[in-house]
Every structure is written in structure tokens, then in C-alpha cells.
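To start, the structure itself, in C-alpha cells.
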Amino acid sequence: MQIALLGGTGDIGEGLALRIARDTDNDVLVGSREAEKAAAKAEEYTDKLPDTTVEGLENPAAAARADIAVAAVPAYHLSDTIGAVADELDDTILISPAVGMQRDEDGLHYNPPGVGSVTQLAAKAAPDHVPVVGAFHNLAAAKLANLDADLDWDVPIIGDDEDATATVTSLVEDIDGLRALSAGGLANAAEVESVTPLLINLAANNDGMHDLGVKFW
Ligand SMILES: NC(=O)c1ccc[n+]([C@@H]2O[C@H](COP(=O)([O-])OP(=O)(O)OC[C@H]3O[C@@H](n4cnc5c(N)ncnc54)[C@H](OP(=O)(O)O)[C@@H]3O)[C@@H](O)[C@H]2O)c1
């Protein structure tokens, strides 16, 4: 499959690009609002993985070729990003890893949009025929991008479309050290997303804790 990372020039995009390119049989397309930025980042990723080729394209061109597109952009730019590629999403599964958070003097707080969660916001912004699946919300980008680091994380998956959810589950399971777990339908997305600020607050308040993820026993 062709996996497009919209905003794949950023932190979570880099980690996912490197892991998907290294661990799976899929082709990785790095998307950006700027073609040159996408090309430069794709070259940087390819340099880290000499046996693979990562391509860089503007977001709509990456989406047009994608079987799966990951909207790897900040939550407040998610709807615009999906809108910019909507016409190109044909038989494409859209993954949303985005979490809405707000910072104050105590730390980070979950800050969902009015529809209940950012994943549901993505579903609202996507064309009706495009299945939206939530995944990767609780991963730490820096550890993901460090290819020397072994992962041992669970990835809660939320989605209403059975086939799309199964496809995303397979993609997640193909990445070394990740286990996909069903967390139910899109209506359950807020529970998954709200774990992310908890992980960041735990890391900020406890010595020696960083790049936290989740593992359920
Ligand atoms: N960082 C993490 O550890 C982590 C973990 C789990 C989930 N997430 C979620 O993943 C999403 C991306 O996080 P991130 O840390 O990777 O973000 P980021 O590095 O700040 O940004 C990712 C990309 O978003 C694009 N972007 C920036 N401003 C934009 C705008 N106005 N309109 C459209 N695109 C814009 C940029 O790509 P171009 O300039 O190339 O277009 C940028 O490289 C967030 O929703 C976050 O909640 C992050």
C-alpha cells in the first residue's frame, strides 16, 4: 500500500515515516504544504534508511496516491488540511492521530472540540465516503523517530468502519513493538485522546520519565 503522511515533515510524521518505511512493505509518501519541504524531508528520511525510498510531495498529490492518509498535523489545522485534500481521497482510509490539548501553569489538559473528540472532528471534515480511523494518539514522537529505540507500546484503535479499522490494525501490527487494540467506535475517541496529556504530565513531573506510551496488561 501507499501510506501518505500529511504534514509528514513534523514530529509524529517523521517517526511514523521512518517506522513504516523500515518495518513494513508499504511505500511512504511524505506530504507537506510545500513541495520543496516535503522533498527535503523525504531525502532526510531516506538517508536514515538506505534500503528504502521515501517520496516527498505536496499534501494533495500525496493524498491522491494514498491507500491510507495520516493527518499528522496539529488539531487546530486538521479540518483545513483534510479540506485541502478532500477531492483527492478516493478509496482512501484517513487516520487521525491528533489530540487537542491546552497548556496552563499546571501542565497540559485535554481540550476536545465541540463534536467530542479530534478524531470525530476529522470524520466530520472528511468526505462521507472516506472512513476515518483514530490511531497513534498516545505515541511519543521522539522515541518513534529514534530507530535505535525498541518500542513496546499499545495503540488503541477507534473506528466505525470494520474494513478500514482492520486495515489500520494490520498496519500498526506490522510496526515492530506496536500492538493494536480495539477501543471501539469513533464515539470512544475522547477516552483515547485524553490519555496523551496524562502521559506528558507524568513525564514532566517524574524524574527519569520521558517518551511515555501505554501498555495494557
Ligand atoms: N508529537 C508527538 O509526540 C505526537 C504524538 C501523538 C500524536 N500527535 C498528534 O499528531 C499531530 C501532529 O503532531 P506533531 O507534533 O507532529 O506536530 P508538528 O510537528 O507541530 O506539525 C506537523 C506538521 O503540521 C504541518 N502544519 C503546521 N502548521 C500547519 C497549518 N497551519 N496548516 C496545515 N498544516 C500545518 C507542518 O507541515 P508542513 O509545514 O510541511 O505543511 C508540520 O510539519 C498533532 O495533532 C498531535 O496531537 C503528536
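The values are calculated or read from the model by the stated rules, or taken from the named source; none is laboratory data. Everything quoted here is computed from the prediction, not taken from an experiment. Don't worry about glycine lacking a Cβ; one is built from the backbone with ideal geometry, like all the others, and counts go over all protein chains shown.
Brief remarks follow.
- Breaking point among (1) within 14 Å of the ligand (Cβ to nearest atom); (2) within 23 Å of residue 167 (Cβ to Cβ); (3) not hydrophobic (A, V, I, L, M, F, W, C), for residue 79: (2)
- Near pairs, Cβ below 9 angstrom, 6+ apart or cross-chain, from region 1-13 (surrounded by fewer than 23 Cβ atoms within 10 Å (Cβ to Cβ)) to any residue that is of a type in the set (S, T, N, Q) and part of a helix (DSSP H, G or I): 1/167
- Restricting 136, 216 to those that are more than 28 Å from residue 41 (Cα to Cα) and touching a residue at least 12 places away in the same chain (Cβ under 8 Å) reduces the list to 216.
- Among residues of region 26-38 that are closer than 15 Å to residue 92 by Cβ, those with a beta-carbon under 6 Å from a residue that is in a loop (DSSP other than H, G, I, E, B) and near the ligand (Cβ under 8 Å from one of its atoms) at least six positions away or on a different chain give the pairs 31/8.
- Failed item in (1) within 8 Å of the ligand (Cβ to nearest atom); (2) in a helix (DSSP H, G or I), with residue 9 passing the rest: (2)
- Checking each residue in region 102-125 for being under 16 Å from the mean Cα position of the chain (by Cα), hydrophobic (A, V, I, L, M, F, W, C) and closer than 26 Å to residue 18 by Cβ picks out 118, 122.
- Qualifying residue in region 164-174 (condition: loosely packed, with under 14 Cβ neighbours inside 10 Å and not acidic (Asp, Glu)): yes
- Cβ-Cβ distances below 7 Å connect the following pairs, each with a first residue in region 162-186 that is touching a residue at least 24 places away in the same chain (Cβ under 8 Å), a second residue that is part of a loop (DSSP other than H, G, I, E, B) and among the β-branched types (Val, Ile, Thr), and a separation of six or more residues or different chains: 171/24; 174/24; 175/24.
- Hits in region 184-210 (condition: assigned to a loop (DSSP other than H, G, I, E, B) and more than 16 Å from the chain's Cα centre (by Cα)): 184, 185, 206, 207, 208, 209, 210
- Taken together, the criteria exclude residue 109 from residues that are at negative phi, in a loop (DSSP other than H, G, I, E, B) and either modelled with pLDDT of 95 or more or surrounded by fewer than 18 Cβ atoms within 10 Å (Cβ to Cβ) (or both).
- Verdict on residue 98 being part of a loop (DSSP other than H, G, I, E, B), within 13 Å of the ligand (Cβ to nearest atom) and either of a type in the set (Gly, Ala, Ser) or modelled with pLDDT of 95 or more (or both): yes
- Here residue 44 fulfils each of the conditions (1) near the ligand (Cβ under 7 Å from one of its atoms); (2) without any contact (Cβ under 8 Å) to a residue 24 or more places away in the chain; (3) not basic (Lys, Arg) apart from (1).
- Candidates 21, 61 - the one that is away from the ligand (no atom under 12 Å from the Cβ), among the hydrophobic types (A, V, I, L, M, F, W, C), at pLDDT 95 or above and closer than 18 Å to residue 142 by Cα: 21
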